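Q: My questions will all concern the structure given below.
The values are calculated or read from the model by the stated rules, or taken from the named source; none is laboratory data. Since we're looking at a predicted model, the values are computed, not measured. Reconstructed Cβ throughout: ideal geometry from the backbone, glycine too, with neighbour counts over all protein chains shown.
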Amino acid sequence: MSHLLLWIIIGVAAVVLATATVGLVRVRRGRALEATRRDALAPPEPRAVEAPPSDAAAEARAATAPPAPAGVPEAPPAPVEAPTPSLATRLGAARSLFDRVRALRGRRTVGDEDLAAVEEALLRADVGTATTAAVLEAITAQARADGLGDDGVPGALRRELLGLLGPPPAPLTTKVEADRVAVWLVVGVNGVGKTTTIGKLANAEVAQHPVLLAAADTFRAAAADQLATWAARVGCELVRADEGADPGAVVHDALHRARSRSIPLVLADTAGRLHNKQSLLEELKKVRRVADRDPGQVAEVLLVLDATTGQNAIAQAREFSDAVGVTGIVLTKLDGTARGGVVLAVQRELGIPVRLVGVGEHLDDLVAFDPEAFVDALLGE
Amino acid sequence: MFDALASRLDRISTSLRNRGRISQRDLDEALGEIRAALLDADVELSVVTSFLDGIRSRCELEELSKSLTPGQQVVRAVNDELVRVLGDEPLKVTYASRPPTVVLLAGLQGAGKTTAAAKLATWFKAQGRSPLLVAADLQRPAAVEQLRVLGGQAGVPVFTRATDPVDVAVGGVEEAARVGRDVCIVDTAGRLSIDEALMTEVRTISARTSPHYTFLVIDAMTGQDAVQTAKRFHDALDLDGVIVTKLDGDARGGVALSVRTVVGRPIVFASVGERLADLDLFYPDRMASRILGMGDVMTLIDQAERTMDADVVQSTTERMLGGTFTLDDFLSQLSQVRRMGSLGGLMRLMPGMNREMRDAADQLDDREVDRIEAIVRSMTPRERTDPAIVDGSRRQRIATGSGTTVAQVNQLLRQFKEMQRMMRGMASGAMPEMPGMGGMRGRLARAAAQRMDPSALPPQLASLAGPSAVPGALPPPRPSTGRGGKKKKGGRVTPPKHR
């Protein structure tokens with residue numbers, strides 16, 4: 001501890017000196033603060049978890065049961081999805097990345113070339129080095145132990161990926177204590193599709209019961225207008241405030257309006273925020289506390305992840321989950337060319353499941369997450 | 001992540017050193033570590049492969065064998081090459097002889113085009129231009145409204161129509177010419193690169209408005225797919241440059257290298273926040289550092305600038321260097337620094353850290369920092385100014401008040417005294433340097449000197465920036481860029497295309 005103390009003092013001094021050295025002599029660029037938000041310093045990307053030795057597959061399977069939202073008993077399913085074509089069909093634009101892998105079908109052993117082909121395919125899909133290594137390790141171990149099945153490497157790979165993802169997730173729940181209004185809080189970094197997702201969610205829910213939207217993004221220019229457009233399209237009410245108002249206050253008002261109008265579900269939009277900004281995460285924690293206070297109760301916290309995101313998605317999932325407890329991921333923009341493979345790493349390292357997938361900008365472009373269809377699309381089946 | 005590459009390479013370095021001769025296999029092992037680091041940074045797979053092939057052919061085994069730290073040498077070679085590639089052929093923004101200069105923004109949904117458009121308008125305005133914003137995103141609900149509000153904040157007019165995006169874009173350019181605005185920035189809707197209809201639409205916009213600059217706006221956190229997207233947009237629009245957004249996040253930003261390599265166009269701007277002023281010129285060295293997971297100290301400085309009170313920092317620094325830095329100063333600085341985030345995280349971003357500091361940064365639990373803060377707060381102002389008066393009974397009181405032990409209080413006072421001694425030594429110039437700080441100070445001073453007038457540096461630091469850091473002298477050339485010239489702010493020699 002003794003040296004540590006010294007380093008702390010040095011560390012503080014270092015930062016101050018650094019600021020002084022460069023900051024003081026820099027010609028001030030006349031940056032006025034337009035908002036009251038302060039950005040926190042970016043901490044470095046957290047270390048990826050090293051692949052655990054050989055029993056990765058078993059451990060991963062054991063860890064994939066989606067966590068139940070806190071304080072909410074298991075509920076009878078309240079289906080979110082409207083009847084839609086299969087995920088693979090919706091992703092028809094996807095091209096196969098895995099022709100080389102498919103060509104390996106029928107081989108019972110695993111050679112270096114096979115591993116290279118699998119590694120390349122997984123890395124290109126943004127699965128990441130750690131999870132890719134774990135998958136390769138598991139396939140190799142299986143081949144050594146029991147040999148591969150008739151479907152060779154591709155079959156083993158498919159099973160391994162499905163094992164990581166676990167069973168199809170439970171539908172979103174609105175079950176809360178009697179007399180409370182259920183809240184689905186939608187969070188994520190900037191530009192991932194939170195507001196559009198809320199529009200789609202509202203559209204799916206409004207068929208069963210009234211829904212109220214809370215425009216708790218009070219930072220972004222015209223954010224409330226954007227959500228208002230969705231509310232009008234769906235045919236549900238909206239609670240909003242002026243720009244710069246306290247987001248917690250919007251949620252509070254929404255809860256009371258929902259209670260007085262007997263609306264059982266509030267969908268709360270929040271401002272996009274980068275997960276490395278401490279003060280913004282603190283603000284979000286506060287919003288969650290308000291949402292969880294009578295008459296509200298948080299039933300789901302949905303983290304929206306953009307399928308084009310690379311390894312940073314893991315840091316996003318970790319930080320948001322630490323802050324407000326994420327119950328599931330909505331993976332958006334999967335109708336593009338990105339494969340979204342990073343969710344495999346998120347599931348493996350953090351145990352956070354994908355619940356829904358966004359496949360377009362229209363109201364019905366939201367489907368339940370189907371692990372088999374996802375893996376098939378990933379593997380280009 | 002900062003530690004991962006550096007300490008892995010340290011280990012390789014040690015074993016390489018012990019063996020005395022570097023073989024091709026040793027080099028491959030080091031490059032393997034770097035491959036993993038680049039992939040973790042989201043650099044595209046083929047780009048990683050070709051990039052490392054280039055490094056491999058550049059690394060001389062003979063040279064490496066002579067070095068005490070061959071692992072670090074390799075990293076340095078990689079860093080230098082990254083800087084070179086990222087900064088190669090920077091774009092010089094020049095203006096059309098017949099105004100307006102048209103700037104077209106394109107990209108995927110959510111990349112940050114609308115925010116970037118407003119920021120560009122602010123930037124052009126600061127350059128003395130009179131821009132017009134054209135809201136041609138009629139797809140996203142309230143996108144036009146968003147641009148209107150941002151335009152209002154920027155003091156820039158916004159043009160739109162309730163027709164179709166092509167008509168709006170064309171109309172906007174005509175309007176700019178009509179009212180004498182000399183820059184016209186066209187914001188378009190986000191679109192998938194595989195959406196035939198929408199790609200045709202943006203091609204049409206481009207054909208009908210003949211932009212002088214077409215920029216792809218891409219998110220710094222984009223993964224492997226960036227290359228697909230960039231290629232398709234480039235094929236469709238013949239891009240002039242790229243704007244990377246959301247660099248205030250902690251994404252490593254490998255997309256910058258991927259897109260630069262595959263599209264062959266420079267990265268023009270870096271968007272680093274949600275406020276209109278948060279648009280920087282692109283600094284290749286910061287990006288290289290970030291991609292390699294080695295931190296981004298200049299961003300740290302930026303953040304620190306924004307969070308810390310400049311006057312307090314100035315007076316504190318003067319006191320530090322003058323040897324009159326007190327526990328009071330320490331306390332006020334500590335709380336300012338903590339506002340920026342975790343101290344461990346901050347320390348990791350500092351360059352020039354040695355092994356022990358990095359290990360300490362890793363172990364740094366903010367609870368310990370809490371404890372230190374508590375101890376100092378339990379002292380009276382007089383005790384903080386003059387710790388010599390803190391006798392046994394006072395120590396007991398402080399310990400009790402802060403929930404710590406007398407031993408811990410003793411330790412703090414002892415270490416702080418040690419620190420004051422070091423600072424006085426540093427101020428007098430006759431260093432033993434603070435362990436680990438020497439390299440950093442020099443580097444920072446050099447960085448400072450390159451960006452601004454070196455004569456403005458405090459004298460104790462000016463000497464560190466090297467002999468060229470004298471009033472009136474040019475900043476020293478940066479050999480690592482390979483361009484042989486001085487480092488310019490965002491550079492510029494390529495004339496824009498005129499159609």
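Q: Inside segment A:167-202, can you point out the residues that are among the β-branched types (Val, Ile, Thr), under 20 Å from A:Glu283 (Cβ atoms) and not in a helix (DSSP H, G or I)? I'd like the intermediate steps shown before the answer.
A: Our first condition is that a residue be among the β-branched types (Val, Ile, Thr); within segment A:167-202, this holds for A:173-174, A:176, A:181, A:183, A:186-187, A:189, A:192, A:195-198.
Still in the running and under 20 Å from A:Glu283 (Cβ atoms): A:183, A:186-187, A:189, A:192, A:195, A:198.
A:Val183, A:Val186, A:Val187, A:Val189, A:Val192, listed by residue number.
Q: Suppose we filter segment B:144-192 for residues that are charged (D, E, K, R) and touching a Ser or Thr at 6+ places or on another chain (Cβ under 6 Å); how many remain?
A: First pass over segment B:144-192, keeping only residues charged (D, E, K, R): B:145, B:148, B:161, B:164, B:167, B:174-175, B:178, B:181-182, B:187, B:191.
Still in the running and touching a Ser or Thr at 6+ places or on another chain (Cβ under 6 Å): B:181-182, B:187.
Total satisfying the criteria: 3.
Q: Looking at segment B:205-212, is at least one residue in the same structural domain as B:Ala143 (by TED's automatic domain parsing), under 30 Å from A:Ala315 (Cα atoms) and either of a type outside the set (Ser, Thr, Tyr) or crowded, with 19+ Cβ neighbours inside 10 Å (or both)?
A: The initial filter retains those residues of segment B:205-212 that are in the same structural domain as B:Ala143 (by TED's automatic domain parsing), namely B:205-212.
With under 30 Å from A:Ala315 (Cα atoms) added as a condition, the list becomes none.
No, because not a single residue in segment B:205-212 is in the same structural domain as B:Ala143 (by TED's automatic domain parsing), under 30 Å from A:Ala315 (Cα atoms) and either of a type outside the set (Ser, Thr, Tyr) or crowded, with 19+ Cβ neighbours inside 10 Å (or both).
Q: Let me ask something else about it. Evaluate segment B:4-19: report whether one residue or more is surrounded by 20 or more Cβ atoms within 10 Å (Cβ to Cβ), at negative phi and modelled with pLDDT of 75 or more.
A: no
Q: Of the residues that sit in segment B:246-295 and are aliphatic (A, V, I, L, M) and assigned to a loop (DSSP other than H, G, I, E, B), which one is surrounded by the most Cβ atoms within 10 Å (Cβ to Cβ)? Even if it seems obvious, please write down each step before you answer.
A: Initially, segment B:246-295 is screened for residues aliphatic (A, V, I, L, M), giving B:247, B:251, B:255-257, B:259, B:262-263, B:267-268, B:270, B:272, B:276-277, B:279, B:281, B:287-288, B:291-292, B:294.
Going one step further and asking which of them are assigned to a loop (DSSP other than H, G, I, E, B), we end up with B:247, B:251, B:272, B:276-277, B:292, B:294.
Working: B:Leu247: 27, B:Ala251: 30, B:Val272: 22, B:Leu276: 23, B:Ala277: 18, B:Leu292: 22, B:Met294: 22.
Step by step, filter segment B:246-295, then rank; the result is B:Ala251.
Q: Go through segment B:93-138 and give me each residue that's within 14 Å of chain A (Cβ to nearest Cβ) and touching a Pro at 6+ places or on another chain (Cβ under 8 Å).
A: Hits for segment B:93-138 are B:Ala121, B:Lys125, B:Leu133, B:Asp137, B:Leu138.
Q: Six or more apart or on different chains, Cβ under 6 Å: which pairs go from a residue in segment A:282-306 that's surrounded by fewer than 24 Cβ atoms within 10 Å (Cβ to Cβ) to one that's among the aromatic types (Phe, Trp, Tyr)? Could you list them?
A: Listed pairs, sorted by first residue: A:Glu300/A:Trp184.
Q: Something else: Here is a list of conditions, (1) closer than 26 Å to B:Val149 by Cβ; (2) in contact with an Asp or Glu (Cβ under 8 Å, 6 or more places away or on another chain); (3) modelled with pLDDT of 95 or more, and B:Gly223 meets all of them except one; can you say which number that is?
A: (1)
Q: Also, I was wondering about something else. Say whether the condition of being in contact (Cβ under 8 Å) with a residue 12 or more places away in the chain, of a type in the set (Lys, Arg), in a loop (DSSP other than H, G, I, E, B) and out of contact with any Leu (no Cβ under 7 Å at 6 or more places or on another chain) is met by at least one residue in segment B:132-151. Outline the logic, then answer.
A: Of all residues in segment B:132-151, those in contact (Cβ under 8 Å) with a residue 12 or more places away in the chain come to B:132-140, B:143-144, B:146-148, B:150-151.
Okay, now just the ones that are also of a type in the set (Lys, Arg), so B:140, B:148.
Right, trim to in a loop (DSSP other than H, G, I, E, B) and you get B:140.
Of the ones still in play, those that are also out of contact with any Leu (no Cβ under 7 Å at 6 or more places or on another chain) are B:140.
Yes, segment B:132-151 contains a residue that is in contact (Cβ under 8 Å) with a residue 12 or more places away in the chain, of a type in the set (Lys, Arg), in a loop (DSSP other than H, G, I, E, B) and out of contact with any Leu (no Cβ under 7 Å at 6 or more places or on another chain).
Q: Answer with yes or no whether A:Leu334 is closer than 23 Å to A:Glu177 by Cα, surrounded by 22 or more Cβ atoms within 10 Å (Cβ to Cβ) and within 17 Å of the chain's Cα centre (by Cα). Break it down stepwise before answering.
A: Details: closer than 23 Å to A:Glu177 by Cα: no; surrounded by 22 or more Cβ atoms within 10 Å (Cβ to Cβ): yes; within 17 Å of the chain's Cα centre (by Cα): yes.
No; evaluated as a whole, the condition is false for this residue.
Q: Something else: Can we say A:Leu162 is buried (at least 23 other Cβ atoms within 10 Å of the Cβ), away from chain B (no Cβ under 14 Å) and in contact (Cβ under 8 Å) with a residue 12 or more places away in the chain? First the steps, then the outcome.
A: Numbers: buried (at least 23 other Cβ atoms within 10 Å of the Cβ): no; away from chain B (no Cβ under 14 Å): yes; in contact (Cβ under 8 Å) with a residue 12 or more places away in the chain: yes.
So A:Leu162 fails the test.
Q: Would you confirm whether or not segment B:451-462 contains a residue that is touching a Leu at 6+ places or on another chain (Cβ under 9 Å) and either modelled with pLDDT of 50 or more or under 22 Å from B:Leu327 (Cβ atoms) (or both)? Steps first, answer last, please.
A: We begin by selecting, within segment B:451-462, every residue touching a Leu at 6+ places or on another chain (Cβ under 9 Å); these are B:456-458, B:460-461.
Next, only the ones that are either modelled with pLDDT of 50 or more or under 22 Å from B:Leu327 (Cβ atoms) (or both) stay: none.
No: segment B:451-462 contains no residue that is touching a Leu at 6+ places or on another chain (Cβ under 9 Å) and either modelled with pLDDT of 50 or more or under 22 Å from B:Leu327 (Cβ atoms) (or both).
Q: Checking the condition in contact (Cβ under 8 Å) with a residue 24 or more places away in the chain, on the phi > 0 side of the Ramachandran plot and of a type outside the set (Val, Ile, Thr), which residue from A:Gly351, A:Gly341 passes? Break it down stepwise before answering.
A: On the way: A:Gly341 fails: on the phi > 0 side of the Ramachandran plot.
On inspection, the qualifying residue turns out to be A:Gly351.
Q: Listed residues A:Thr218, A:Thr229; which is surrounded by fewer than 22 Cβ atoms within 10 Å (Cβ to Cβ), within 14 Å of another protein chain (Cβ to nearest Cβ), β-branched (Val, Ile, Thr) and assigned to a helix (DSSP H, G or I)?
A: Details: A:Thr218 fails: assigned to a helix (DSSP H, G or I).
Only one candidate passes the filter, namely A:Thr229.
Q: Taking segment A:321-335 only, how many residues are more than 13 Å from A:Glu300 (Cα to Cα) and not basic (Lys, Arg)?
A: Our first condition is that a residue be more than 13 Å from A:Glu300 (Cα to Cα); within segment A:321-335, this holds for A:322-323, A:331-335.
Subsequent filtering for residues that are not basic (Lys, Arg) retains A:322-323, A:331-332, A:334-335.
Of the residues in segment A:321-335, 6 are more than 13 Å from A:Glu300 (Cα to Cα) and not basic (Lys, Arg).
Q: Yes or no: B:Thr245 more than 10 Å from chain A (Cβ to nearest Cβ) and of a type in the set (Ser, Thr, Tyr)? Break it down stepwise before answering.
A: Values: more than 10 Å from chain A (Cβ to nearest Cβ): no; of a type in the set (Ser, Thr, Tyr): yes.
No.
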